[in-house]
Amino acid sequence: MSAPVEIISERREVSLIRSVGLIFRKDILIEWRSKSRLVGMSCYAITLLMLFAFAVGPDPVMLQKHASAYVWMSVVTVSTLLLSQSFQNELESDALEGLLLVPVPPAAIYYGKALSNFVWILLLELISLPFAVLLFQLDLTTSPLQFVAVLLLGAGGVAAPGTLYAGLTGRLASQQLMLPVLLFPLLIPTVLSAVKATNLIINHDPFDQISAWFAVMCAFNAIYWVLCGVMFSKVVDE
Amino acid sequence: MLILGVLLIVGAHAWGLTAPLNEAQMGITGRILYVHVPTAWVALLVFCIAFGAAIRVLWAGSKRADYIEEASLEVGVVLTIMLLVQGSIWGRATWETWWTWDPRLTSSAVMAISFAGILVLRGMLHNPDKRRTISAVSTIIAFLNVPVVYFSVKLLPSIHQLQSTPNTVDSEMHWPLRTAAFGFLFLSLGLIGLRARVAELRAFRTEEEPDLPPVPETLQVEV
Amino acid sequence: MIPLISAMDARWAFVTAAYGISWAVLTLYISSVLIRLWKEGGQ
């Protein structure tokens, strides 16, 4: 005879913010423990900057004029590689299904990963920065706050759609090709504004045009962070 | 789908009417308006159809919506390419330049590339469910381009003219323009219908009824 | 008179080119859709 068993079921729902925090922490820790990818990507970014500098030649005026373009292009290129890897951990060990079974809204997975990608891209920008200043002889001291804002908004505008599309193309054999093809048109407003804004900061912005570019960057950041979060649940809904 | 044939004639008729009608202040080159503006309107509308179809695919799981999405993406891209070529020619005529990086031209080109990229992606995805989901999600996000293109002339300084409304267009040109617009609209809708049918037939052939040869007698195993 | 006529010709050429290319592209596309439809076995 078996003793009567009382089944007490507790429904504990993890809040969205807390689950985002947990997934964010997981991704950052995993990456931070072996920094190999980060080191590799930084080298890649710096090499790209050097290539650009050599390709353009020694004329300092030319270098300064287009420096922001080169910096942002190398950030975007390396970020694409970084983003394409963001779901690899889960896909390689078949962990994505496990993650989805956890009582956490799928959007939390997206926001956690997107935030960790945001951190990595920001780190990438910060690491490339001293090299860019050196190679292109830039003067960023005039409006440091604005520059930080551009860095943040630029990283955000790349991380948000990038994480969604990384998830979308993750299982494809042609991921390395399709991710840039799909992503770059979406990045054009963000990158364009970032380049123009950085240019204005380097040239001390005589006519205060920078607010327009900030507006564009803020708008696209807002749109992408919301829209991609909504769409992510559909992406993994299989 | 003979609608297409009939309405194609409506479209052609529109220009047959408009060609001898009148000249705008731009001179003869103003006539390009009758083909350029309708192409623009209908291209944007067709992408709206793609957007609606994509939403249906994701939220209602409709396969038919996927065919319509594929068809409208293709028609939309073709129309946008035509638009860019017509615009380039008109630009050469009036502004002496084939291209310029102003907001409307740039955003139109970006829009064309975005949607073309989705079509390329569709070609590379062979799993039907995955293809449906991925292209629907991408279409919804790429649709952000459409309002940008439409409002770019209003919000940003641009070399391109403002939107063509009854206020901005010469009154004699209203009716030819409208007829041309409807002609293009029906033409595109008919094309979408046909192309969706192609997609449907192809899906039927590859997914539901593989044409395998019948198993020959000698191979049947008896247990 | 001659310069005036060649100026007129040039602008007609633009209009014709725009219309012509549009129609050529449309016709090509329409035929491609119809050919694909026929190959897939539609009407």
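What pairs from A:Lys234/B:Lys154; A:Lys26/A:Lys234; A:Lys26/B:Lys63; A:Lys113/A:Lys196 go past 31 Å between their alpha carbons?
On the way: A:Lys234/B:Lys154 34 Å; A:Lys26/A:Lys234 23 Å; A:Lys26/B:Lys63 38 Å; A:Lys113/A:Lys196 28 Å.
Pairs exceeding the cut-off: A:Lys234/B:Lys154; A:Lys26/B:Lys63.
Within a 10 angstrom radius of the beta carbon, how do C:Tyr19, B:Tyr67 rank from fewest other beta carbons to most?
On the way: C:Tyr19 19, B:Tyr67 24.
Ordered from fewest to most neighbouring Cβ atoms within 10 Å, C:Tyr19, B:Tyr67 come out as C:Tyr19, B:Tyr67.
How would you rank B:Leu119, B:Leu212, B:Leu144, going from fewest to most other Cβ atoms within 10 Å of each one's own Cβ?
Numbers: B:Leu119 14, B:Leu212 6, B:Leu144 19.
Going from least to most buried by this count: B:Leu212, B:Leu119, B:Leu144.
Post the alpha-carbon centroid distance, the range A:160-238 to the range B:91-111, in whole angstrom.
The two parts, judged by their Cα centres, are 23 Å apart.
Please report, in cubic angstrom per residue, the volume enclosed by the convex hull of the alpha-carbon atoms of the range A:157-198.
Numbers: hull volume 2.3 nm³, N = 42.
Each residue corresponds to 56 Å³ of Cα convex hull volume.
For peptide B:195-205, what's the mean number of Cβ atoms from other chains within 10 Å of each residue's Cβ? Don't skip to the answer; put the middle values down first.
Details: counts 7, 0, 6, 10, 2, 2, 6, 5, 1, 2, 2.
Per residue, the number of nearby Cβ atoms from other chains is 4 on average.
Under the Kirkwood approximation applied to all pairs of distinct alpha-carbon atoms, what is the hydrodynamic radius of the range A:82-238 in Å? Kindly include the intermediate steps, with their values, before the conclusion.
On the way: mean 1/r = 0.0598 Å⁻¹.
The answer is 16.7 Å.
Using a Förster distance of 22 angstrom, determine the FRET efficiency expected from the C-beta separation of A:Glu97 and A:Arg25, and round it to 0.05.
Details: r = 21 Å, r/R0 = 0.95.
Efficiency at R0 = 22 Å is approximately 0.55.
Just checking the output field for B:32-45: average partner chain Cβ neighbours within 10 Å of each residue's Cβ? Please list the in-between numbers first.
Numbers: counts 7, 1, 3, 7, 3, 0, 0, 2, 0, 0, 0, 0, 0, 0.
The per-residue average across the peptide is 2.
In the range A:148-238, which chymotrypsin sites (Phe, Trp or Tyr not before Pro) fall in coil by DSSP and have 16 or fewer other Cβ atoms within 10 Å? Don't skip to the answer; put the middle values down first.
Numbers: sites: A:Tyr165, A:Phe207, A:Trp213, A:Phe214, A:Phe220, A:Tyr224, A:Trp225, A:Phe232; in loops: A:Phe207.
Hits after loop and neighbour filter: A:Phe207.
Tell me, B:Arg132, B:Arg195 in order of fewest to most beta-carbon neighbours within 10 Å? Each step should come with its number before you reach the end.
Numbers: B:Arg132 23, B:Arg195 26.
By the 10 Å Cβ count, ascending, the order reads B:Arg132, B:Arg195.
Once you keep just the Cα pairs under 8 angstrom separated by 6 or more residues, what percentage relative contact order results for the range A:16-235?
Details: 228 pairs, mean separation 61.3, N = 220.
This gives 28 percent for the range A:16-235.
Can you pull the mean other chain C-beta count within 10 Å for peptide C:27-35?
Details: counts 1, 1, 9, 9, 0, 4, 13, 6, 1.
Counting other chains' Cβ atoms within 10 Å and averaging over C:27-35 gives 5.
Throughout, read-outs are computed from the coordinates displayed, never taken from laboratory work. What you see is a predicted model, and the numbers here were worked out from it, not measured in a lab. Positions of Cβ are backbone-derived with ideal geometry, glycine not excepted, and every protein chain shown enters the neighbour counts.
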